[in-house]
Amino acid sequence: MNQWVNFTKGFIKENPVFTLLLGLCPTLAVTSSAFNGFGMGIATTFVLMCSNMVVSLVKNYIPNKVRIPSFIVIIASFVTIVELVMQAYAPSLFKALGIFIPLIVVNCLVLGRAEGFASKQSFLSSLIDGLGMGLGFTFALTLLGSIREMLGAGSIFGFKFIPGDAILVFILQPGAFIVLGYLIAMFNRLKKSA
Amino acid sequence: MAKVESSFKNMVITLFIVTLIASLSLGGIYNLTKGPIAVAKKKAQEAAIREVIPEFDELKTFSVAPDDGSDSLVFNQGFKAGELVGTAILSYSLKGYDPTPIKLMVGFLPGGVIDNTQVVQQKETPGLGTKLETPEFRNQFVNKNPKEFILKVKNDGGDIDAITAATISSRAFCEAVERAYVSYEKYTEDQK
(Lines give C-alpha, C1' and ligand atoms only; values in the text may rest on other atoms or scores of the structure.)
Protein backbone atom coordinates (compact mmCIF):
# COMPACT_ATOMS: atom_id res chain seq x y z
CA MET A 1 0.00 0.00 0.00
CA ASN A 2 1.19 3.49 -0.81
CA GLN A 3 2.04 4.96 2.60
CA TRP A 4 1.60 8.57 1.46
CA VAL A 5 -1.99 7.86 0.37
CA ASN A 6 -2.45 5.97 3.63
CA PHE A 7 -1.22 8.99 5.60
CA THR A 8 -3.17 11.70 3.77
CA LYS A 9 -6.51 9.92 3.55
CA GLY A 10 -7.38 11.07 7.09
CA PHE A 11 -7.47 14.73 6.13
CA ILE A 12 -10.30 14.91 3.61
CA LYS A 13 -11.09 11.63 1.84
CA GLU A 14 -11.61 9.62 5.04
CA ASN A 15 -11.64 12.44 7.57
CA PRO A 16 -12.84 10.85 10.83
CA VAL A 17 -15.22 13.70 11.68
CA PHE A 18 -16.45 15.00 8.34
CA THR A 19 -16.59 11.76 6.35
CA LEU A 20 -16.57 8.76 8.69
CA LEU A 21 -18.55 10.65 11.35
CA LEU A 22 -16.65 8.78 14.07
CA GLY A 23 -16.06 10.01 17.59
CA LEU A 24 -18.69 12.74 17.44
CA CYS A 25 -19.47 12.77 21.16
CA PRO A 26 -16.16 14.33 22.29
CA THR A 27 -16.10 16.33 19.05
CA LEU A 28 -19.28 18.16 19.88
CA ALA A 29 -18.54 18.43 23.59
CA VAL A 30 -15.05 19.91 23.67
CA THR A 31 -14.79 22.11 20.57
CA SER A 32 -16.06 25.27 22.23
CA SER A 33 -12.69 26.90 21.52
CA ALA A 34 -9.86 26.37 19.05
CA PHE A 35 -7.38 25.39 21.76
CA ASN A 36 -9.73 22.82 23.29
CA GLY A 37 -10.26 21.20 19.90
CA PHE A 38 -6.52 21.15 19.24
CA GLY A 39 -5.72 19.64 22.65
CA MET A 40 -8.29 16.91 22.32
CA GLY A 41 -7.00 16.12 18.83
CA ILE A 42 -3.36 15.80 19.93
CA ALA A 43 -4.22 13.62 22.92
CA THR A 44 -6.34 11.36 20.69
CA THR A 45 -3.60 11.14 18.05
CA PHE A 46 -1.15 9.85 20.63
CA VAL A 47 -3.50 7.16 21.95
CA LEU A 48 -4.56 6.22 18.41
CA MET A 49 -0.94 5.65 17.33
CA CYS A 50 -0.11 3.57 20.42
CA SER A 51 -3.25 1.44 20.21
CA ASN A 52 -2.88 0.89 16.44
CA MET A 53 0.73 -0.24 16.91
CA VAL A 54 -0.05 -2.70 19.69
CA VAL A 55 -3.18 -4.06 18.00
CA SER A 56 -1.33 -4.71 14.75
CA LEU A 57 1.42 -6.53 16.68
CA VAL A 58 -0.89 -8.82 18.62
CA LYS A 59 -3.56 -9.30 15.96
CA ASN A 60 -2.52 -12.89 15.18
CA TYR A 61 -2.56 -14.00 18.79
CA ILE A 62 -6.08 -12.85 19.58
CA PRO A 63 -8.97 -15.14 18.61
CA ASN A 64 -11.61 -13.39 16.53
CA LYS A 65 -14.46 -13.83 18.98
CA VAL A 66 -12.72 -11.99 21.82
CA ARG A 67 -10.97 -9.31 19.79
CA ILE A 68 -13.26 -6.43 20.79
CA PRO A 69 -12.89 -6.90 24.58
CA SER A 70 -9.13 -7.32 24.15
CA PHE A 71 -8.85 -4.12 22.08
CA ILE A 72 -10.93 -2.18 24.61
CA VAL A 73 -8.68 -3.31 27.47
CA ILE A 74 -5.59 -2.30 25.47
CA ILE A 75 -7.00 1.15 24.60
CA ALA A 76 -8.27 1.83 28.12
CA SER A 77 -4.86 0.89 29.55
CA PHE A 78 -3.10 3.32 27.23
CA VAL A 79 -5.48 6.13 28.12
CA THR A 80 -4.96 5.55 31.84
CA ILE A 81 -1.18 5.41 31.42
CA VAL A 82 -1.22 8.69 29.47
CA GLU A 83 -3.35 10.29 32.17
CA LEU A 84 -1.12 9.14 35.05
CA VAL A 85 2.17 10.03 33.37
CA MET A 86 0.90 13.45 32.28
CA GLN A 87 -0.41 14.19 35.77
CA ALA A 88 2.91 13.25 37.34
CA TYR A 89 5.45 14.80 34.98
CA ALA A 90 3.58 17.54 33.08
CA PRO A 91 1.05 18.99 35.53
CA SER A 92 0.49 22.20 33.58
CA LEU A 93 -0.19 20.27 30.38
CA PHE A 94 -2.49 18.04 32.39
CA LYS A 95 -4.36 21.08 33.68
CA ALA A 96 -5.01 22.15 30.08
CA LEU A 97 -5.73 18.73 28.54
CA GLY A 98 -6.74 16.66 31.59
CA ILE A 99 -10.46 16.85 30.98
CA PHE A 100 -10.12 15.35 27.49
CA ILE A 101 -8.16 12.26 28.45
CA PRO A 102 -11.02 10.20 29.92
CA LEU A 103 -13.13 11.16 26.88
CA ILE A 104 -10.72 9.30 24.59
CA VAL A 105 -11.83 5.94 26.00
CA VAL A 106 -15.34 6.57 24.76
CA ASN A 107 -14.07 7.78 21.38
CA CYS A 108 -15.14 5.15 18.88
CA LEU A 109 -12.58 6.49 16.40
CA VAL A 110 -9.84 4.69 18.35
CA LEU A 111 -11.72 1.40 18.52
CA GLY A 112 -12.91 1.84 14.93
CA ARG A 113 -9.35 2.11 13.58
CA ALA A 114 -8.15 -0.77 15.77
CA GLU A 115 -10.97 -2.99 14.55
CA GLY A 116 -11.28 -1.77 10.97
CA PHE A 117 -7.65 -1.18 10.06
CA ALA A 118 -4.94 -2.24 12.49
CA SER A 119 -6.36 -5.72 13.07
CA LYS A 120 -5.80 -6.48 9.36
CA GLN A 121 -2.74 -4.47 8.37
CA SER A 122 1.00 -4.47 9.01
CA PHE A 123 2.72 -2.65 11.84
CA LEU A 124 4.00 0.25 9.71
CA SER A 125 0.72 0.81 7.87
CA SER A 126 -1.14 0.83 11.18
CA LEU A 127 1.27 3.33 12.72
CA ILE A 128 0.92 5.67 9.73
CA ASP A 129 -2.84 5.20 9.69
CA GLY A 130 -2.98 6.16 13.37
CA LEU A 131 -0.88 9.26 12.79
CA GLY A 132 -2.81 10.35 9.67
CA MET A 133 -6.22 9.71 11.19
CA GLY A 134 -5.21 11.42 14.42
CA LEU A 135 -3.96 14.51 12.61
CA GLY A 136 -7.09 14.54 10.44
CA PHE A 137 -9.13 14.42 13.65
CA THR A 138 -7.03 17.24 15.13
CA PHE A 139 -7.51 19.29 11.96
CA ALA A 140 -11.29 18.78 12.05
CA LEU A 141 -11.59 19.60 15.75
CA THR A 142 -9.39 22.68 15.49
CA LEU A 143 -11.40 23.94 12.51
CA LEU A 144 -14.69 23.33 14.30
CA GLY A 145 -13.36 24.91 17.50
CA SER A 146 -11.97 27.96 15.65
CA ILE A 147 -15.26 28.68 13.90
CA ARG A 148 -17.27 28.26 17.10
CA GLU A 149 -14.83 30.42 19.08
CA MET A 150 -14.78 33.15 16.41
CA LEU A 151 -18.58 33.31 16.15
CA GLY A 152 -19.37 32.61 19.77
CA ALA A 153 -16.68 34.47 21.69
CA GLY A 154 -15.14 36.83 19.14
CA SER A 155 -11.68 35.38 19.68
CA ILE A 156 -9.30 32.82 18.19
CA PHE A 157 -6.92 30.70 20.32
CA GLY A 158 -7.85 33.03 23.18
CA PHE A 159 -6.84 36.15 21.23
CA LYS A 160 -9.83 38.51 21.30
CA PHE A 161 -10.58 40.53 18.16
CA ILE A 162 -14.16 41.60 18.95
CA PRO A 163 -14.66 43.23 22.36
CA GLY A 164 -17.58 42.10 24.49
CA ASP A 165 -19.83 39.13 23.89
CA ALA A 166 -20.61 37.54 20.53
CA ILE A 167 -23.26 35.04 19.38
CA LEU A 168 -23.36 32.83 22.47
CA VAL A 169 -25.31 29.98 20.88
CA PHE A 170 -22.16 28.89 19.00
CA ILE A 171 -20.38 28.18 22.29
CA LEU A 172 -23.30 26.04 23.45
CA GLN A 173 -24.13 22.53 22.20
CA PRO A 174 -26.68 23.58 19.54
CA GLY A 175 -23.95 25.70 17.94
CA ALA A 176 -21.74 22.63 17.69
CA PHE A 177 -24.40 20.81 15.66
CA ILE A 178 -25.03 23.82 13.41
CA VAL A 179 -21.34 24.37 12.58
CA LEU A 180 -20.68 20.64 12.16
CA GLY A 181 -23.63 20.34 9.76
CA TYR A 182 -22.37 23.16 7.54
CA LEU A 183 -18.81 21.81 7.60
CA ILE A 184 -19.97 18.33 6.55
CA ALA A 185 -21.97 19.87 3.69
CA MET A 186 -18.91 21.86 2.64
CA PHE A 187 -16.63 18.82 2.73
CA ASN A 188 -19.10 16.76 0.70
CA ARG A 189 -19.12 19.47 -1.96
CA LEU A 190 -15.30 19.57 -1.93
CA LYS A 191 -15.04 15.80 -2.41
CA LYS A 192 -17.51 15.89 -5.29
CA SER A 193 -15.54 18.45 -7.24
CA ALA A 194 -12.16 16.85 -6.43
CA MET B 1 1.64 -17.10 11.15
CA ALA B 2 -1.95 -18.32 11.09
CA LYS B 3 -4.56 -16.66 13.22
CA VAL B 4 -5.31 -18.33 16.55
CA GLU B 5 -8.53 -20.33 16.44
CA SER B 6 -11.55 -19.13 18.50
CA SER B 7 -11.77 -22.19 20.72
CA PHE B 8 -13.00 -21.83 24.30
CA LYS B 9 -9.56 -22.56 25.74
CA ASN B 10 -7.84 -20.04 23.46
CA MET B 11 -10.33 -17.30 24.27
CA VAL B 12 -10.03 -17.77 28.03
CA ILE B 13 -6.23 -17.84 27.87
CA THR B 14 -6.06 -14.76 25.61
CA LEU B 15 -8.38 -12.65 27.73
CA PHE B 16 -6.52 -13.72 30.85
CA ILE B 17 -3.15 -12.73 29.40
CA VAL B 18 -4.41 -9.41 27.99
CA THR B 19 -6.00 -8.36 31.28
CA LEU B 20 -3.01 -9.62 33.27
CA ILE B 21 -0.55 -7.53 31.24
CA ALA B 22 -2.87 -4.51 31.41
CA SER B 23 -3.28 -4.71 35.18
CA LEU B 24 0.41 -5.35 35.82
CA SER B 25 1.50 -2.37 33.72
CA LEU B 26 -1.19 -0.11 35.19
CA GLY B 27 -0.27 -1.13 38.74
CA GLY B 28 3.40 -0.54 38.05
CA ILE B 29 2.83 2.87 36.48
CA TYR B 30 0.46 3.87 39.27
CA ASN B 31 3.16 3.11 41.84
CA LEU B 32 5.80 4.95 39.82
CA THR B 33 3.71 8.08 39.37
CA LYS B 34 2.05 8.19 42.81
CA GLY B 35 4.87 10.20 44.36
CA PRO B 36 5.32 12.77 41.58
CA ILE B 37 1.52 13.30 41.34
CA ALA B 38 1.28 14.07 45.06
CA VAL B 39 4.21 16.51 44.76
CA ALA B 40 2.66 18.21 41.71
CA LYS B 41 -0.69 18.58 43.49
CA LYS B 42 0.96 20.08 46.56
CA LYS B 43 2.89 22.52 44.37
CA ALA B 44 -0.29 23.60 42.56
CA GLN B 45 -1.98 24.16 45.93
CA GLU B 46 0.94 26.25 47.15
CA ALA B 47 1.00 28.26 43.94
CA ALA B 48 -2.70 29.06 44.46
CA ILE B 49 -2.00 30.16 48.05
CA ARG B 50 0.87 32.38 46.90
CA GLU B 51 -1.41 34.05 44.41
CA VAL B 52 -4.16 35.03 46.83
CA ILE B 53 -2.24 36.40 49.82
CA PRO B 54 0.83 38.67 50.11
CA GLU B 55 4.32 37.21 50.22
CA PHE B 56 5.04 34.99 53.22
CA ASP B 57 7.92 32.87 54.46
CA GLU B 58 6.06 30.53 56.79
CA LEU B 59 2.79 28.67 56.32
CA LYS B 60 0.47 27.26 58.99
CA THR B 61 -2.28 24.91 57.78
CA PHE B 62 -5.27 23.68 59.77
CA SER B 63 -8.95 22.78 59.30
CA VAL B 64 -11.89 24.73 60.70
CA ALA B 65 -15.34 23.16 60.93
CA PRO B 66 -18.28 25.54 60.35
CA ASP B 67 -21.29 25.65 62.72
CA ASP B 68 -23.88 24.33 60.29
CA GLY B 69 -22.34 20.85 60.08
CA SER B 70 -21.06 21.19 56.49
CA ASP B 71 -17.56 20.15 55.46
CA SER B 72 -14.66 21.83 57.21
CA LEU B 73 -12.51 24.33 55.31
CA VAL B 74 -8.73 24.33 55.17
CA PHE B 75 -7.11 27.54 56.46
CA ASN B 76 -3.58 28.45 55.34
CA GLN B 77 -2.13 31.28 57.40
CA GLY B 78 0.87 33.02 55.86
CA PHE B 79 3.42 34.60 58.21
CA LYS B 80 6.25 36.94 57.34
CA ALA B 81 8.87 37.42 60.08
CA GLY B 82 6.39 36.03 62.60
CA GLU B 83 3.64 38.49 61.59
CA LEU B 84 0.34 37.29 60.06
CA VAL B 85 0.08 38.70 56.52
CA GLY B 86 -2.95 36.84 55.21
CA THR B 87 -5.17 33.77 55.36
CA ALA B 88 -5.87 31.64 52.29
CA ILE B 89 -9.01 29.53 52.68
CA LEU B 90 -9.84 26.61 50.40
CA SER B 91 -13.60 27.00 49.96
CA TYR B 92 -16.13 25.26 47.73
CA SER B 93 -19.63 25.48 46.31
CA LEU B 94 -21.90 22.66 45.21
CA LYS B 95 -24.23 25.00 43.34
CA GLY B 96 -22.27 25.15 40.08
CA TYR B 97 -23.67 24.08 36.73
CA ASP B 98 -21.73 20.80 36.85
CA PRO B 99 -22.11 18.36 39.78
CA THR B 100 -18.35 18.62 40.37
CA PRO B 101 -17.84 21.12 43.23
CA ILE B 102 -16.27 24.46 42.38
CA LYS B 103 -13.21 24.88 44.60
CA LEU B 104 -11.70 28.29 45.27
CA MET B 105 -8.73 29.60 47.17
CA VAL B 106 -9.85 32.84 48.82
CA GLY B 107 -7.22 35.09 50.40
CA PHE B 108 -8.04 37.49 53.24
CA LEU B 109 -5.79 40.21 54.59
CA PRO B 110 -5.80 40.61 58.38
CA GLY B 111 -9.00 42.60 58.99
CA GLY B 112 -11.14 40.64 56.55
CA VAL B 113 -10.49 42.44 53.25
CA ILE B 114 -10.32 40.04 50.28
CA ASP B 115 -6.86 40.11 48.73
CA ASN B 116 -7.51 37.85 45.77
CA THR B 117 -9.29 34.68 44.67
CA GLN B 118 -8.14 31.75 42.56
CA VAL B 119 -10.07 28.84 41.05
CA VAL B 120 -8.58 25.52 42.13
CA GLN B 121 -11.10 23.20 40.49
CA GLN B 122 -14.15 23.65 38.27
CA LYS B 123 -15.91 21.83 35.45
CA GLU B 124 -18.37 24.49 34.33
CA THR B 125 -19.58 24.85 30.73
CA PRO B 126 -16.53 25.42 28.48
CA GLY B 127 -16.57 28.94 27.07
CA LEU B 128 -19.24 30.21 29.47
CA GLY B 129 -18.90 29.16 33.11
CA THR B 130 -15.17 28.64 32.68
CA LYS B 131 -14.87 32.43 32.44
CA LEU B 132 -14.87 32.34 36.26
CA GLU B 133 -11.11 31.99 35.89
CA THR B 134 -10.69 35.23 33.94
CA PRO B 135 -9.27 38.24 35.80
CA GLU B 136 -12.22 40.35 34.53
CA PHE B 137 -14.56 38.38 36.76
CA ARG B 138 -12.24 37.69 39.70
CA ASN B 139 -10.95 41.27 39.92
CA GLN B 140 -14.40 42.33 41.13
CA PHE B 141 -13.52 40.74 44.48
CA VAL B 142 -10.05 42.24 44.89
CA ASN B 143 -9.64 44.64 47.83
CA LYS B 144 -13.29 44.38 48.81
CA ASN B 145 -14.43 44.16 52.41
CA PRO B 146 -17.42 41.79 52.55
CA LYS B 147 -18.75 43.88 55.47
CA GLU B 148 -19.84 46.63 53.09
CA PHE B 149 -19.69 44.66 49.80
CA ILE B 150 -22.50 42.18 49.15
CA LEU B 151 -21.11 38.89 47.82
CA LYS B 152 -24.01 38.17 45.47
CA VAL B 153 -24.69 38.71 41.78
CA LYS B 154 -26.66 41.82 40.85
CA ASN B 155 -29.77 39.75 39.98
CA ASP B 156 -29.88 38.67 43.62
CA GLY B 157 -29.33 42.19 44.95
CA GLY B 158 -25.56 41.97 45.31
CA ASP B 159 -22.58 43.89 43.95
CA ILE B 160 -21.10 41.38 41.51
CA ASP B 161 -21.59 41.53 37.73
CA ALA B 162 -22.45 37.97 36.71
CA ILE B 163 -20.86 36.46 33.59
CA THR B 164 -23.26 36.70 30.64
CA ALA B 165 -25.17 33.41 30.23
CA ALA B 166 -23.40 31.90 33.25
CA THR B 167 -25.35 33.32 36.19
CA ILE B 168 -25.47 29.93 37.92
CA SER B 169 -21.68 29.58 37.87
CA SER B 170 -21.24 33.20 39.02
CA ARG B 171 -23.71 32.61 41.84
CA ALA B 172 -21.80 29.49 42.95
CA PHE B 173 -18.51 31.42 42.90
CA CYS B 174 -20.05 34.10 45.15
CA GLU B 175 -21.39 31.42 47.47
CA ALA B 176 -17.94 29.88 47.83
CA VAL B 177 -16.36 33.26 48.64
CA GLU B 178 -19.18 33.99 51.12
CA ARG B 179 -18.62 30.59 52.76
CA ALA B 180 -14.93 31.37 53.18
CA TYR B 181 -15.74 34.80 54.64
CA VAL B 182 -18.30 33.49 57.18
CA SER B 183 -15.82 30.87 58.30
CA TYR B 184 -13.00 33.43 58.49
CA GLU B 185 -15.12 35.85 60.57
CA LYS B 186 -16.15 33.11 62.99
CA TYR B 187 -12.56 31.95 63.37
CA THR B 188 -11.34 35.52 64.05
CA GLU B 189 -14.14 36.00 66.63
CA ASP B 190 -13.19 32.76 68.39
CA GLN B 191 -9.55 33.80 68.59
CA LYS B 192 -10.36 36.99 70.51
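Tabulated results
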{"quantity": "Selection from segment A:112-149 of residues that are within 12 Å of another protein chain (Cβ to nearest Cβ) and part of a helix (DSSP H, G or I)", "calculated": "A:G145, A:R148, A:E149"}
{"quantity": "Within segment B:40-77, considering residues that are in contact with a Pro (Cβ under 9 Å, 6 or more places away or on another chain) and part of a helix (DSSP H, G or I), the one nearest to the other protein chains (Cβ to nearest Cβ)", "calculated": "B:A40"}
{"quantity": "Single match in A:T44, A:T27, A:T19 (criterion: more than 10 Å from every other protein chain (Cβ to nearest Cβ), surrounded by fewer than 24 Cβ atoms within 10 Å (Cβ to Cβ) and either under 30 Å from B:V4 (Cβ atoms) or under 18 Å from the mean Cα position of the chain (by Cα) (or both))", "calculated": "A:T19"}
{"quantity": "Filtered residues of segment A:145-194 (kept if under 17 Å from A:S32 (Cα atoms), of a type in the set (A, V, I, L, M) and modelled with pLDDT of 90 or more)", "calculated": "A:I147, A:I178, A:V179, A:L180, A:L183"}
{"quantity": "Odd one out for A:M86, checked against (1) within 30 Å of B:T33 (Cβ to Cβ); (2) crowded, with 16+ Cβ neighbours inside 10 Å; (3) at pLDDT 85 or above", "calculated": "(3)"}
{"quantity": "Complete set of residues in segment B:140-157 that are of a type in the set (A, V, I, L, M, F, W, C) and loosely packed, with under 15 Cβ neighbours inside 10 Å", "calculated": "B:V142"}
{"quantity": "Test result for A:G41, of a type outside the set (S, T, Y), in contact with a Ser or Thr (Cβ under 6 Å, 6 or more places away or on another chain) and touching a residue at least 40 places away in the same chain (Cβ under 8 Å)", "calculated": "yes"}
{"quantity": "Complete set of residues in segment B:4-18 that are more than 7 Å from chain A (Cβ to nearest Cβ) and charged (D, E, K, R)", "calculated": "B:K9"}
{"quantity": "Enumeration of residues in segment A:60-71 that are more than 8 Å from every other protein chain (Cβ to nearest Cβ) and crowded, with 18+ Cβ neighbours inside 10 Å", "calculated": "A:R67, A:F71"}
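The values are calculated or read from the model by the stated rules, or taken from the named source; none is laboratory data. Note that the structure is a prediction, hence the values are computed from the model and not measured. Here the Cβ is made from the backbone with ideal geometry for all residues, glycine too, and neighbour counts use every protein chain on show.
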